[in-house]
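The values are calculated or read from the model by the stated rules, or taken from the named source; none is laboratory data. On a predicted model such as this, the values are computed, not experimentally measured, just so you know. With ideal geometry, Cβ positions are generated from the backbone for all residues, glycine too; neighbour counts draw on all protein chains shown. In case anyone asks, the SASA skips ligands and DNA or RNA and just uses the protein heavy atoms, side chains included. Shrake-Rupley method; radii C 1.70, N 1.55, O 1.52, S 1.80 Å.
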Amino acid sequence: SLGWLERILVASHALWFYAGKLFWPVNLTFSYPRWAIEPANLSAYGWLVMGVGLGAAICFTRRFVGRSVEVATLFYVATLSPLLGFVMLYTFRYTFVADHYQYVASIGLIALAAAGITLAFKTKPLLKLACGGALLLTLGLLTWRQTEIYRNPETLWRDTLAKNPDCWMAQDNLGILLAGQGHIEEAMEYYHKAIQLNPNNIEALNDLGIALAAQGRIDEAIENYRKAIQINPNDCKVLNNLGGSLADMGQFDEAIENYRKAIQINSNRPETLFHLGTTLGQLGRTREAMAQYREALRLNPNLARALNNLAWMLAASPDDDLRNGAEAVRLAERACELTHYGEPLFIGTLAAAYAEAGHYPEAVTTAEKAEQLATTAGFKKVAEKNRQLLELYRAAKPYHEPPPPKP
């Protein structure tokens, strides 16, 4: 949302910034501090004034030095122009500059410098060789040292924060990384820092909500999701997570409302359709739930949880019109294949599907496997459920859930 004067100030600063980093490549970082652009401050025009002055000097001295400096400068400015701020980039949310933006543009200035070195040592080939070798060695060592920060994501984000502590994007990304490693408390510290630096940081609010929900602090998670929704009511990811937390709190109607809103904004979200189906199923609205699972599988045929849940309903629904043993077997087998027959809950669903299809020996064998896997994994409820169902399958009876209580 920058005006044209602000964009010109960003561009004039960026041109000098990139040239400086090219000829003095120290303190390089993945994300530089974002400049404050203040057109009312006269010092903000310093870079622009120096740029105009340099342009005038190049123009007036070309009769003495030729057009090499002019061409190199024009090449540098022209190839950088799409990245200087006249066209707004998504990354400008975090910083106006990035080292890799100047890769092509640097060719002009590097060629000019190389030509200057060649001319300076034209009659001194040994000195030219020594100078070139020293330059290559220095740049090679700097490059080798720079590659260390890209060793892994954690090193990258910690290095970025060491050089730019106010980078809320790095704070959030490091938090995500730590959360994935199971360090939830430490991750939450970084989420809080990111939100403190940028209170409108929807990503950090959402990630903090996820971390709080993982700790069972559902009320606090919902609070953060609601803050994010206030900033952007159309963020499907946050709407989906808010729906999940509301469902965990038993607020199913509001959860469904958020899922439906997310789907209305973006109908190509199989995960949201899956969660909506699960919530509808919890309310006993089986037919509606199955419709959501089918739509989710249309978008992603390999969504294992949707395959499993739909297969269970087809096998165990109390409604005779909804059961279909053959389809339940097909879907449950696919869910087990996708999880390499390592998910006890899915294997238990397959056993129920076999029983509904009349394949009782397979149902018994599969339920026994589900019970053993669940016991080994410590899933006591799943193991107990399959032990109970085994008695039905051994008696050549399928399992059907009891009908929901009448209102």
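A few remarks follow.
- When restricted to Cα atoms, the chain yields an Rg and a Dmax of 31.2, 102 Å, respectively.
- Residue among L156, G182, F86 farthest towards the positive dipole end of region 68-201, charges placed on Cβ: F86
- For a label point 7 Å along the Cα-to-beta-carbon line of F92, residues of region 3-37 with backbone N under 11 Å: 3-11
- Residues whose amide H lies under 5 Å from that of D235, counting only those 5 or more places away or on a different chain, are absent; hydrogens are built 1.01 Å from N in the peptide plane.
- For the residues A328, A291, A40, a GNM of the chain with alpha-carbon springs under 10 Å puts the largest fluctuation on A40.
- This model, with +1 at the C-beta of Lys and Arg and -1 at the C-beta of Asp and Glu, gives region 269-398 a dipole about its Cα centre of some 220 debye.
- Cα-based shape type of region 180-244, given that a ≥ b ≥ c are square roots of the gyration tensor eigenvalues and the cut on a/c is 1.5: oblate
- Using Cβ point charges alone (K and R +1, D and E -1), the dipole size of the chain about the Cα centre works out to roughly 1840 debye.
- Computed label-point distance, nm, for sites C131 and Q372 using a 7 Å Cα→Cβ extension: 7.8 nm
- Applied to region 149-160, the Karplus parametrisation 6.51 cos²θ - 1.76 cosθ + 1.60 on θ = phi - 60° returns per-residue 3J(HN,Hα) values of 6, 9, 4, 7, x, 5, 4, 4, 6, 5, 5, 4 Hz, with x for Gly and Pro.
- Whole-number D in µm²/s for region 305-399 (Stokes-Einstein; Kirkwood sum over Cα pairs; 20 °C, 1.002 mPa s): 171 µm²/s
- Rounded accessible area of L297 (nearest 10 Å², 1.4 Å probe): 20 Å²
- The chain: most fluctuating residue of K261, K381, K237 per GNM, C-alpha cutoff 10 Å: K381
- Dipole of region 185-323 [Lys/Arg +1, Asp/Glu -1 at C-beta], most positive-end residue of I265, L205, G250: I265
- Against the empirical curve 2.2 N^0.38 Å, the C-alpha radius of gyration of region 245-290 lands at a ratio of 1.04.
- Chain lengthening between W24 and A115 when straightened (0.36 nm per residue, less Cα-Cα): 30.9 nm
- Helices in the chain, meaning DSSP H runs of at least 4 residues, each add -39500 (n - 2.57). Divided by all residues, the mean residue ellipticity at 222 nm is -22500 deg cm²/dmol.
- Size of charge dipole - region 348-407 - debye, nearest 20, with Cβ of Lys, Arg +1 and Asp, Glu -1, no other charges: 200 debye
- Per-residue HN-Hα couplings for region 358-368 [Karplus 6.51, -1.76, 1.60; θ = phi - 60°; Hz; x = Gly/Pro]: x, 9, 6, x, 5, 4, 5, 4, 5, 5, 4
- What the phi angles of region 81-93 give under the Karplus curve with 6.51, -1.76 and 1.60, with θ = phi - 60°, is a coupling list of 3, x, 10, 9, x, 5, 10, 6, 9, 4, 5, 5, 4 Hz, glycine and proline written as x.
- Modelled FRET efficiency - R0 41 Å, A396 with D253, Cβ distances, 0.05 increments: 0.50
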